[in-house]
Amino acid sequence: MNEIALFFVYSIGLAAIICVFAYAAEQMQRRGRAIGRPERVRLQAPGSYSQAFQQSLDILTIVDARILDADPNRGTILAATGLSVASLGSTVTVKLETLEFVTYVTLEARPTINYFDWGHAKRLVKDFEEAWRVQCIPQMGETPTS
């Protein structure tokens, strides 16, 4: 009987710790902050700046990122991914810039809490890049720069 009660107490304690970490990760994402090492990719966008901005929003939803803020005037998108088995989530920043009539999209994904990310940010960047190639490259006729 004592062992069952002790197991129950430890289980409740572990669940409480996980909930605290998940809540802290969500609060950090809302502020656009992250602790972990960033994963980045820079892609060349076909078409106009506004098309690239909309394409970025569309692809973020494909890779299951929740849009927190999107400002086309500043050329930034802030998004977050939720809690999963592999991570407490990632904070995603997309920056768009136009240089010499070419629009570039830079995606940066950071694990919200580094110690609880087992490659989630890296997979997120890879999935974004793959979706970008599938949706954008047929329009361009060339490969993006990484």
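Some points to look at:
- Single unsatisfied condition, ASP64 versus (1) closer than 21 Å to ARG123 by Cα; (2) surrounded by 14 or more Cβ atoms within 10 Å (Cβ to Cβ); (3) at pLDDT 70 or above; (4) touching a helix residue (DSSP H, G or I) at 6+ places or on another chain (Cβ under 9 Å): (2)
- All of (1) buried (at least 16 other Cβ atoms within 10 Å of the Cβ); (2) modelled with pLDDT of 85 or more; (3) farther than 12 Å from GLU39 by Cβ hold for ILE113 with one exception: (2).
- Search result, residues across the range 73-85 that are exposed (fewer than 15 other Cβ atoms within 10 Å of the Cβ) and touching a residue at least 24 places away in the same chain (Cβ under 8 Å): SER84
- Tally, over the range 89-102, of residues that are farther than 16 Å from LEU68 by Cβ and not β-branched (Val, Ile, Thr): 5
- Among the residues listed as GLN55, GLN51, GLN44, the single one being outside any helix (DSSP H, G or I), surrounded by 14 or more Cβ atoms within 10 Å (Cβ to Cβ), at pLDDT below 95 and of a type in the set (S, T, N, Q): GLN44
- Complete set of residues in the range 116-146 that are modelled with pLDDT under 75, closer than 17 Å to GLN51 by Cβ and either exposed (fewer than 13 other Cβ atoms within 10 Å of the Cβ) or among the charged types (D, E, K, R) (or both): PRO138, GLN139, GLY141, GLU142
The values are calculated or read from the model by the stated rules, or taken from the named source; none is laboratory data. Keep in mind the model is a prediction, meaning the values are calculated, not measured. Reconstructed Cβ throughout: ideal geometry from the backbone, glycine too, with neighbour counts over all protein chains shown.
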